[in-house]
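Below: one structure, written as structure tokens.
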Amino acid sequence: MRLNLIWLLGAALLAGKSRAVAQPDTAKIQKQEDFYWIHTVPVPEHVSLEVGGMTLFHNDALAVSTRRGEVWVIGNPYLKNGRTPDYRLYAQGLHEPLGLNYIRGDLYLAQRTELTRLRDLDGDGEADEYHTVYSWPVEGNYHEYAYGPLLDLEGNFVVSLNLGYTDRAVSLSKWHGWMLKITPKGEMIPFATGMRSPAGLGMNSAGDLFYAENEGEWVGSGGITHVEKGDFLGHPEGLKWAGLPASPVRLRPEDIQSTGESKFDVAKRVPGLKNTSVWFPHTVLGISTSDILNYDERGKMGPFQGQLFVGDQGHSKIMRVFLEKVNGAYQGAVFPFVEGFSSGVLRMIWGSDGSMFVGMTSRGWGSTGSEPYGLQRLEWNGRVPFEIKQIEARPDGFELEFTKPVDPRGVFNEDSYQVTRFTYMYSHHYGSPVIDPANCPVRAVELSEDRLRVRLVVDSMRQGYIHEIRAGGIRSAENYALLHPAGYYTLNNIPDGPRLKISSANVLKKASPAEEVVQEHARVVEEKPAPGPTRAVPSTSKRITSQPADWTGGPEQVIELHPLPGLKFNTDQVTVPVGARVKLTFNNTDDMPHNVVITKPGTADETGVKALQLGLNGQRMNFVPDSENVLFHTAVLRPGTRESIYFEAPAKPGNYQFVCTYPGHYLVMKGTLKVVAR
């Protein structure tokens, strides 16, 4: 088989030499809608279905808890026979339940203050009994969310408690920042801590427990992590309760220091600090990691059985995760899956027909989906997309498995691949830029006989780093380009085993002009971003942070902006005269990063879209694209910081726009800079 592949490659090279002009890439392009359909489940006007939890109820009805404290039971959510669904109010007066589960014939949900069981005692379709299974204290802070319950293999309820937020994430009440297990008898068992915003809980097919985390202090980017009893997951606020008698965690807050190193490096010195199983690169694969759904026998969603689907609230999309155990610890790769949902994806469950119900909400959190809430159903039409199915680590690189046989002609071209490594800082600062990026050249390749697996020998791969693996030049046997050309593998451990022997038969070669293909190159910057809390970049004519020397009389007008809850500025319009000397101060009093970008009239949305596309370069560029439509801007400011910029108002009257271009915020967080004649 190997001789045949080499012969094909040689024939292609010879053919290329006979042509004077390079041939264009003729690959067929796949689209998401060729394989996956998103159906909207209608919601009555009188129902604010801000989905907090979902579960299949009896008779195949769908039960949905809402952030407004209601539980609705929806009949015919599949829209069978063209009939609209019917909604029945089952419970109300609850405190923002962000999880729901149908267990042993009863509905259970996590409210802000307790795990609650709901029962319909008289069979009239409405809950009569609201029973407290277990309660925990709250301070009343807006961010003291509770999630769950999940049922573990021993029959215990699993819940997770969010940290509160003041000027930083903080555990104001006992056990916040913890995962708790509650027995059927109502006994509480503290299980693990170090969580910041643990919005998603799930188990894989082996029954191992995972949780989803969101970017913030001590969390460089979102991701999912395997949770075992006694784990410390990274955020030190929950450690203030580790001294209580029931705690299985032995670390104390003073054991965790902010050094600016990676979490992986700190974990070498701090026993008990658990490494993230799979990092989700911030703004590339979401910004607000949410639910976890195991692809088991209940689902019908393409050739990815055994993987996890993970939602993202901010980017209104779903990723998929391949996991493997190396040296006893989970790690693996995350891939894009489906995007374009109508609101922020918070919950996902399997329907009885193998489709996926997706519950959404955006109030106060913001998302790329334009609706404030919604319920949609994702269906696979049975066609198999050409994708990277999974990535496995090897002692000398990675092995990619595809969903369909590949065309061998592109396999041995060095331009078919791009591998880049990077990581994030583990510190008390909010989030992290990409740090220590480096290229990892691919030296050799091996193609399996069935042409489904490609093994890459990779230089400079590094333990503890995320590796972006792009295979944009690989084509299927039918000449289709990959639907998604990249995956992101978190390499916590390098496996043992035989290395691939490099020879003239498998070493990569430069493609001839006839074989040149259009590549999507890695988006990681080569220069190392400067560490530090502000991640500042030098001032430019679009971001001047000191008053110009020739402003002897000072600014003519001072503008002060700050965010309001719900992704808003404190004002939606500011008026300045043409040519005015303006000092604009932005004070980020919110609990998430923001910036202020002033754009030409009518270009705010376009600028926001371009900011989304900056990928791994986004943090370094303050999520401000290099565009003539951008006139002035601040840096991206973390919570609790402020910055002033100085500029002269445009000389032409008009309605200019100011907007936050932090990924996903541009849709709602904007206003008008009205420039008028003097």
Exercise. Within the range 58-78, how many residues are in a loop (DSSP other than H, G, I, E, B) and either aliphatic (A, V, I, L, M) or not assigned by TED's automatic domain parsing to the domain that holds Ala110 (or both)?
Worked result: 1
Exercise. Of all the strands (runs of 3 or more DSSP E) wholly in the range 302-370, which have at least 3 residues that are out of contact with any Phe, Trp or Tyr (no Cβ under 9 Å at 6 or more places or on another chain), buried (at least 22 other Cβ atoms within 10 Å of the Cβ) and basic (Lys, Arg)?
Worked result: none
Seminar exercise, completed: Reported set for the range 54-100 where residues are among the aromatic types (Phe, Trp, Tyr) and either more than 30 Å from the chain's Cα centre (by Cα) or farther than 25 Å from Gly200 by Cβ (or both) is Tyr87, Tyr90
Exercise. Taking Thr403, is it of a type outside the set (D, E, K, R), within 30 Å of Glu217 (Cβ to Cβ) and either assigned by TED's automatic domain parsing to the domain that holds Asp496 or in contact (Cβ under 8 Å) with a residue 40 or more places away in the chain (or both)?
Worked result: no
For this session: Scan the range 277-289 and give yes if some residue there is surrounded by 15 or more Cβ atoms within 10 Å (Cβ to Cβ) and either farther than 24 Å from Ser432 by Cα or among the aromatic types (Phe, Trp, Tyr) (or both), otherwise no.
Result: yes
Problem set entry | Checking Phe157 against (1) within 24 Å of the chain's Cα centre (by Cα); (2) crowded, with 24+ Cβ neighbours inside 10 Å, the condition it does not meet | (1)
For this session: Kindly provide the set of residues from the range 88-102 that are surrounded by fewer than 17 Cβ atoms within 10 Å (Cβ to Cβ) and of a type in the set (A, V, I, L, M), ordered by number.
Result: Leu89
For this session: Being among the hydrophobic types (A, V, I, L, M, F, W, C) and at negative phi is the filter here, so list the residues in the range 563-583 that pass it.
Result: Leu564, Phe569, Val574, Val576, Val578, Ala580, Val582
For this session: Answer yes if at least one residue in the range 251-270 is assigned to a helix (DSSP H, G or I), touching a strand residue (DSSP E or B) at 6+ places or on another chain (Cβ under 8 Å), over 20 Å from Ala329 (Cα atoms) and not assigned by TED's automatic domain parsing to the domain that holds Gly464, and no otherwise.
Result: no
For this session: Output the residues belonging to the range 628-660 that are of a type in the set (Ser, Thr, Tyr), in a loop (DSSP other than H, G, I, E, B) and modelled with pLDDT of 95 or more.
Result: Thr634
Exercise. Hey, among the residues in the range 211-233 that are assigned to a loop (DSSP other than H, G, I, E, B) and touching a Lys or Arg at 6+ places or on another chain (Cβ under 6 Å), which one's nearest to Pro190 (Cα to Cα)?
Worked result: Asp231
Problem set entry | In the range 241-274, residue farthest from Glu215 (Cα to Cα) [restricted to those that are surrounded by 14 or more Cβ atoms within 10 Å (Cβ to Cβ) and in contact with a Pro (Cβ under 6 Å, 6 or more places away or on another chain)] | Ser247
Exercise. Quick one: is Thr84 over 21 Å from Gly351 (Cα atoms) and out of contact with any strand residue (DSSP E or B) (no Cβ under 8 Å at 6 or more places or on another chain)?
Worked result: no
Problem set entry | From Val434, Val454, Val411, Val458, residue being outside the structural domain of Gly332 (by TED's automatic domain parsing), hydrophobic (A, V, I, L, M, F, W, C) and without any contact (Cβ under 8 Å) to a residue 60 or more places away in the chain | Val454
Exercise. If only one of Phe402, Phe386, Phe357 is modelled with pLDDT of 95 or more, over 30 Å from Lys263 (Cα atoms) and within 22 Å of the chain's Cα centre (by Cα), which one is it?
Worked result: Phe357
Exercise. Of all residues in the range 623-678, how many are under 28 Å from His428 (Cβ atoms), of a type in the set (Gly, Ala, Ser) and touching a Gly at 6+ places or on another chain (Cβ under 7 Å)?
Worked result: 1
For this session: Among the residues of the range 28-57, count how many are in contact (Cβ under 8 Å) with a residue 24 or more places away in the chain and either aliphatic (A, V, I, L, M) or part of a helix (DSSP H, G or I) (or both).
Result: 11
Seminar exercise, completed: Inside the range 590-613, the number of residues satisfying the requirement of being over 20 Å from Asn214 (Cβ atoms) and assigned to a loop (DSSP other than H, G, I, E, B) is 6
Exercise. Just checking, which of Thr634, Thr641, Thr607, Thr599 is surrounded by fewer than 22 Cβ atoms within 10 Å (Cβ to Cβ), among the β-branched types (Val, Ile, Thr) and under 30 Å from Asp312 (Cβ atoms)?
Worked result: Thr641
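The values are calculated or read from the model by the stated rules, or taken from the named source; none is laboratory data. Because the structure is predicted, anything quoted here is derived from the model rather than measured. Note: ideal-geometry Cβ built from the backbone for every residue, glycine included; neighbour counts use all protein chains shown.
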